[in-house]
Structures are given as structure tokens and as C-alpha cells.
Amino acid sequence: MVEYKKGQGVLNSSKIKDDRVVIRVGYGASGIAAGAGEIYSAIVNHIKEKGYKNIDIKRTGDLGMSFREPIIELESREIDRVILGNVTAKMVPGILDDLMLSKKVNTDYIVAGTNYTTDDDIFFKKQKRVVLKNCGIIDPENIDEYIEADGYKALEKVLKSGDPDGVIDEILKSGLRGRGGAGFPTGRKWRFTRDAKGDYKYIVCNGDEGDPGAFMDRSVMEGDPHSVIEGMIIAGYAIGANEGYIYVRAEYPLAVKRLRLAIQQAEEKGFLGNNILGSNFSFRINIKEGAGAFVCGEETALIASIEGKRGMPRLRPPFPAVKGLWGKPTNINNVETYANVPRIILNGAEWYSSFGTEKSKGTKVFALAGKIVRGGLIEVPMGITLREIIFDIGGGIKSGREFKAVQMGGPSGGCIPSELLDIPVDYESVTKTGAIMGSGGMVVMDESTCMVELARFFLDFTQKESCGKCTFCRIGTKRMLETLERITRGEGKEGDIEKLEELAYNVKMGSLCGLGQTAPNPVLTTIKYFRNEYEAHIDEKKCPAKQCRSLIKYVIISDKCTGCTVCARNCPVHAISGERNQPHIIDQEACIRCGICYDSCRFEAIEIV
Amino acid sequence: MDKINLEPAIEIIERENSHKGSLIPTLQKIQETYGYLPDQVLNILSKKTGIPASQILGTATFYSQFRFKPVGKYVIKVCHGTACHISGAEQISDVFRDLLGIKEGETTDDGLFTLENVACLGCCSLAPVVMINETTYGRLNPSKINKIIKEYKKRG
Ligand SMILES: Cc1cc2nc3c(=O)[nH]c(=O)nc-3n(C[C@H](O)[C@H](O)[C@H](O)COP(=O)(O)O)c2cc1C
Ligand code: FES
């Protein structure tokens, strides 16, 4: 539902006073995957064809409304600002003609606006965008747009102050904690590295984003790369480092491209390089592309990987702050941590710490995915409840199913059940559930996800990604995985749950890095909150969520089957047969239980037993 | 063993070898050019840099990005991250396996497609997601995959 209400929408007013028109296409990896490239070409072509003038087309990063992508934003004096969602190339000529000739927009397409209220407004209303303030708004490939949005002013401020210690104090006072997962106070880490003895120091940005189901750091690197770079330069100044590395995950080519471009533009403008802005401080940044190893997100492994070695973690201490890259004191922070820095310096520690809770200050970016209505990228003040995130911002569960659990922290985290939806999201409260805050991945699950199978999925992941150095992590996770595989195949035995718990304890205790120390969390939290599902698999050989392929059968209800043949045509193993217009039948021997027939049947004629 | 043109490799090795920690970037550039890491090239890399071949291979095999066999013209990476997993990634893989007649890690006889799994492509809200060479496809279902593969086959 979209209603015209002057000035009541979620978007700020446009500053355009003349005849200019701005069109922004959501052009991050997610937008592009949804079809933004086609939309962009359609816009350019139609403008050329009609000879429209005075239009500025920008390609921005992802705004976060993945659930409406591809999206475009229109801005002009007449229509103010509106965001259109689920745009197709076919819609583009009409949208542009309306905009340029009759100066209006088709309200059917509006998902947010300055003068429109919509059902999606709540997606923005409960957010507080500090790190994401430029994402989806500015063109990340144009440094001038960052500068116009107060970019590099924080750097100017600290260089003018001439007081590196003051910078660290400010970060300490803000209460900022590392956003890479563990939540270590950033100011304290900076202080350690500043105080460490060494003639040369390094700044490293961890953009490895290993949680398979999260994309906060990707979105920030693609949508606002300069904020990360500015944060790193400020860290370099505060700590006394003159060189930095950004380590980016292999699967993020667009982030690499935009970071490279941003570094080049910052060098041209004198924000990077020798004697930055006329000061005696010099700093340069290199980019390293990861090569696909989850453990390389761990800081000592990441450092080994930058050095060109196998990415194996090592025992700490010495911490990287004392002995890091090439043996030199090294400050390593996450992408989001650095992106917070310019905002804090510019607006003050007090402003930043006015958001959040006593021990978890500020805001946190989350990637909402899974069986949720409004999946996308959000930023909220710490202390908001899970329920508000999932049911207000996220709009609840898709296709009318029931919420079952939310997975936080990826392979190191756990599943939080519905009873705990009212906990505030801060480091301590989330840790108490057995999950962890993690870097911000939130995968929402409904009743159709089997919790035992999910635990198996994560163990399969960590077992493969274990670097093999510690025996418990290497073999313990393997034994846990085998046990979970047996249970999901219906071959579970009495005592399996206890065996899993014992192995979990030993893997936690016997591993030197966070990978092994946290790998059992997905198993432990699912046993804690969904023990009955484990028992159903083991005792009754049943999968209550009807997901485990060995424990279910797909059968056609002949009364309901119309013989439309859709399922037979879609079956990847050709296990369905029957005459057209006659009830079909599934050959249980051939069936691999993929569920494609179930999903493709329009007559609800297939059931899972 | 297939004959391969070693010239681009030598050029890469000479260009990349100038700075510290350049082994992984060099391997990445080689794979970008050849689609995989050919034995002959690794041997040259070892000779030119003085890094023992065992150490080069030790590093390369640690990272899942590196391949040691030639790949097809189109590399299909099916995302099996958490969001894609609970949104039917296995089903998506079933469809690819059926359509192409190959399993993960294999290449079709015509040299057109290689099938791989990947941990997450960072487009989790569009799950299930697949990447074919540089292009990412989201919100997939069996019939969309059929169309996409037909398109690639037509292109040849
Ligand atoms: C197995 C493992 C994987 C990790 N992956 C990441 C990651 O992908 N991104 C990240 O920022 N931190 C990751 N970390 C945490 C880092 O080791 C480190 O604590 C973090 O980068 C510090 O930055 P912060 O203080 O700003 O959070 C990982 C840790 C472990 C043990
Ligand atoms: S889980 Fe598939 S794109 Fe992230």
C-alpha cells in the first residue's frame, strides 16, 4: 500500500532546486545479480533515444533492500525522492517518460519516498544508518561524492589536531568494539599497537567475510569503499603505521575493483601517499585477494596468507599488536570497524555512544537472509530485540510459515529459538544464548528447516575448512560430522547425543584458534534448544521438519493429481511417470527426494510422508 | 601432457615477483590466464623464484580457489552457503547434475561446463544463488536454470 503524504515518507527531501534529475541504480553485487545491469542499459538507451537532457545517472552500491531488487531511485524538484522496486527493463521507458514529460511517478512501483508512505517504511524506520549512511546513495566510484558527504573531513580533523593519542582516546570513549565477531574494544587494541615497540607498523583490514550467509562487509566495501580507507588512514595515524593491507575475500571481485579505484582516487587527491594533506604523515594501502579459505579470516592465519604462506593460525600471544605482519606490530580490524571510525571522529564519541546499550555501544550492521519477507542489509542500534529485527524490519516469515530459529554468527555461532526472540541484541546477551554476535549474519529459518541437518551442514563446513593443525579440530569435527550424518540418515543410536556433547567439549578445549574453539556451537545450541528433533531422528527415525532425505518419501495423492505432467518434466532423475491427464506415480527406488516435484506442483497433490 | 603456451606465464612471474609475499597473487594471475595451475608453469615458477616446488604446491593446495585440472569454458559455482542451503541449494545442484550429466569437480565432455560448489557469494538475500564465470544469478528455480543453461549452450 502506497499513500501520498507530503513529507511523511522515510526519505529525506531532495536538495535539487533546478531542473536536474538524478537517477540512482542499486548496483552492488546483489543488485547486479537481480538484474541491475539490464535496468541500467535500458535507462541509458531510452534517454538516448528520446534525447532527454539534464539527467544524471549514478550507479550506487546496494541500499540494502534486496527483497525489492532491482531498485532505482528517482530524484527531481517535482517528485522529490522516490525509490522504485522490482523494476524490470520493460518498465523503464514508461518510468522515464512519466518522470521527464508529466513529472510524476507510477505509484504502483514505489517502495519508499519523501512524500509517500508505504508498507516497507518500517524497514527503514527502525534502522540507524551510521556505517551504511552512504551505501546506495553515493556513487562509490566517484570520490567527489564521498567528499561531498563529509568524506575525508575526519582525516583532516585528526591531522590538524596533531594528537594521535587523542584519536585513540576518542575511539576508546566511543565504546566501539570490533565488528569482526569477538567484540574486542577497538581503542584498546589501537593503544596496544601504538605502545608496541617497533620501527615499522602495519594496519590490516579484515575483509575476508567468511561466514557463509553474510554480506555486510561486501556491501560496505562495494558501496562506500572510501569510508573503510579513511578509517584505515586514521588508524595508521593514531598508531604510527605507514602502510596498510586490505584482505578481501576471493568471491568479491566487485569489492576489489571498487577498492582499487578508490585507493587510486584517494592518492590523486592527496589523501593517501606521502605527506597527506600537507602533514608529515604518509600512508599507503595495498590490496590482497583471498584465495578461498575460511580459516584465513582468523587474524594470525590472515597474516600468514598475506605473507604468501599457507593460512595456518598460530598460538597467541604474541598478539599481532606486538608481532604481526612480517613480524612487525600490526593492528587488525574488521571492515565495519574501520568504517565506523570517520563517523565517530567527526561526530564525537559522545554522539556514537548515545546509541546502543551500556556495554555494546553504537550500531551494528546485519545481513538478513533465509525465510524472511524483507531480506537485505540493515543497520540497527545495539540493544534492539531480535523480534524487532525479524518481525518489524524483516517483516516476519515468508509464505505464512512459522518462525523456528535464527542462526547468528555462522559456523562459530548458534541457533536462537523463538522463546528467546525478546533478548536485546548486544554482545553479552547473544553470547548467553550459546550463539555469538558474530560479524552480522542472520539467517532466519522456518519450520521446514531441520535443526539436526543444519548442525550437520555447519560441521561439514568447519570440518572441511579446518586447517588440520590441531588434532581435535581436524579429527574431532570429522567424528562429530559422521555422527550427525548417521543421525540424519536415520541410523542414529542411543548415546549419540551424549557422544556429540563430549566431543564438542573436547574440540573446544583442544583447539588453538577460534575455528575449533567455536566449531561445536551450532551443534550445542541445536541440542540445547531442539533436543526433541535429535531424539525424533534417533528414536523414531523421523525428521519432524520433513527435510532429511533418508527419512522421508514424496508421494502423489492420486485424487488431487490432474496429470498435468509438470512434476514429471521437472524431475531431475525421471522418477515420475503417468499418462497425461491421469494421476502420476513416483518410483521410490529412483527418487532422490530433492523435492522439486513438491515445489513445482500447483495442485498440492504431492505430500511428504 | 597437453602442450601449453608458457609465454604468458613467464611474463606474469617476472612482473609479479618483485615484491614480498607475491606467491599467492602470482598463482592467482596464472590461474586467471590458464583457468588452472599447470604443472609445467609451477615448475617454471619454482625455478625462477627459487621457492621449492613442494612449497608452492603446499601453498596452492591449501586454498580452495586453486585448481590443478583444466576447466570448461563456463565454470558454474553453485552456492552452498547457509542462506542458499536452507533455500534449496542441494536441489539446485541436483538440477545442474542432471542437465549436464556431471558431478562437482567434473567438466562436460564438450569442454563447455565445469561444476563447482562455493561457500557463499554474498548475495544471500537472493538465495539460491549461482555464479557462472563472472555473472551471478539469484532467486533461482529449476526452470530458470534450464533457460540459463540453454542460453549458454546456444552461445557455445
Ligand atoms: C575461524 C575464524 C574466522 C574469522 N573470520 C573473520 C572474518 O571473516 N572477518 C573478520 O573481520 N574477522 C574474522 N575473524 C576474527 C579475526 O580473527 C579478528 O578477531 C578480527 O578481524 C579483528 O577485528 P575487529 O576487532 O575489528 O573485530 C575470524 C576469527 C576466526 C577464529
Ligand atoms: S549463502 Fe548463498 S550467496 Fe550467501
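The values are calculated or read from the model by the stated rules, or taken from the named source; none is laboratory data. These figures come from a predicted structure and were not determined experimentally. Note that each Cβ is placed from the backbone with ideal geometry, even for glycine, and that neighbours are counted across all protein chains shown. Accessible surface areas use protein heavy atoms only, side chains included; no ligands, DNA or RNA. Shrake-Rupley method; radii C 1.70, N 1.55, O 1.52, S 1.80 Å.
So the values come out like this:
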| quantity | calculated |
| --- | --- |
| Net +/- balance of residues flanking residue B:88 in space, Cβ distance below 10 Å, scoring K and R +1, D and E -1 | -3 |
| Nearest-0.05 FRET efficiency for residue A:269 and residue A:173, computed from C-beta distance (R0 41 Å) | 0.85 |
| Rounded percent of accessible protein surface that carbon and sulfur make up, chain A, 1.4 Å probe | 48 percent |
| Whether region B:74-155 is rounded, prolate or oblate, judged on the alpha carbon gyration tensor where a/c under 1.5 counts as rounded | prolate |
| Region A:2-119 - accessible surface per residue (Å², probe 1.4 Å) | 44 Å² |
| Dipole magnitude of chain A, debye to nearest 20 (Cβ charges: Lys/Arg +1, Asp/Glu -1, about Cα centre) | 940 debye |
| For residues of A:590-601, the mean tally of beta carbons on other chains within 10 Å | 3 |
| Estimated vicinal HN-Hα couplings, Hz - region A:288-304 in sequence order (Karplus 6.51, -1.76, 1.60; Gly, Pro = x) | 10, 8, x, 10, x, 8, 4, 5, 5, x, 5, 4, 6, 5, 4, 5, 4 |
| For the pair A and B, total buried accessible area rounded to nearest 100 Å², probe 1.4 Å | 3700 Å² |
| Surface accessible to a 1.4 Å probe, per residue, for the residues of region B:1-48, Å² | 58 Å² |
| Cα lying deepest toward the dipole's positive end in region B:1-82, options B:53, B:66, B:13, charges on Cβ | B:66 |
| Relative contact order (percent, whole number), region A:1-82, Cα cutoff 8 Å, 6+ residue spacing | 47 percent |
| At least 40 Å² of accessible area lost relative to the chain alone, listed for region A:170-213 with a 1.4 Å probe | A:212 |
| Heavy-atom accessible area per residue - region A:432-580, 1.4 Å, Å² | 43 Å² |
| Among A:334-341, A:359-366, B:6-13, the order from most to least packed when residues are scored by Cβ within 10 Å on average | A:334-341, A:359-366, B:6-13 |
| Accessible surface ranking that places the most exposed of A:76, A:600 first, with a 1.4 angstrom probe | A:600, A:76 |
| Whole-angstrom gap from region A:114-166 to region B:58-124, using each part's C-alpha centre | 37 Å |
| Shape of the protein assembly as shown, Cα gyration tensor, a/c cut at 1.5 | rounded |
| Structure-based [θ]222 nm, chain A - -39500 (n - 2.57) summed over DSSP H runs of at least 4, per residue, nearest 500 | -10000 deg cm²/dmol |
| Mean ellipticity per residue at 222 nm, deg cm²/dmol - from DSSP H runs of n ≥ 4 across chain B, formula -39500 (n - 2.57) | -14000 deg cm²/dmol |
| Residues of region A:535-583 buried by at least 20 Å² on assembly (accessible area, 1.4 Å probe, chain alone as reference) | A:549, A:570, A:572 |
| Inter-part distance where region B:28-49 and region A:377-437 are each reduced to a Cα centre, Å | 46 Å |
| Accessible area of region B:2-156 belonging to carbon and sulfur atoms, whole % at 1.4 Å probe | 49 percent |
| Exposure of residue A:351 as accessible area (Å², to 10), given a probe of 1.4 Å and all protein chains | 80 Å² |
| Calculated FRET efficiency for the pair residue A:493/residue B:135, C-beta based, R₀ 56 Å, to 0.05 | 0.75 |
| Gap separating the Cα centres of region A:29-95 and region A:281-318, nearest whole Å | 39 Å |
| In region A:137-207, trypsin sites (Lys or Arg not before Pro) in a DSSP loop with at most 16 other beta-carbon atoms within 10 Å | A:197 |
| FRET efficiency for residue A:448 and residue A:49, using Cβ-Cβ distance with R0 set to 56 Å, rounded to 0.05 | 0.75 |
| Occluded residues from region A:17-34, i.e. those whose accessible area drops by 30 Å² or more once the chain is not alone (1.4 Å probe) | A:33 |
| Rounded if a/c under 1.5, otherwise prolate or oblate - region A:143-353, Cα gyration tensor axes | rounded |
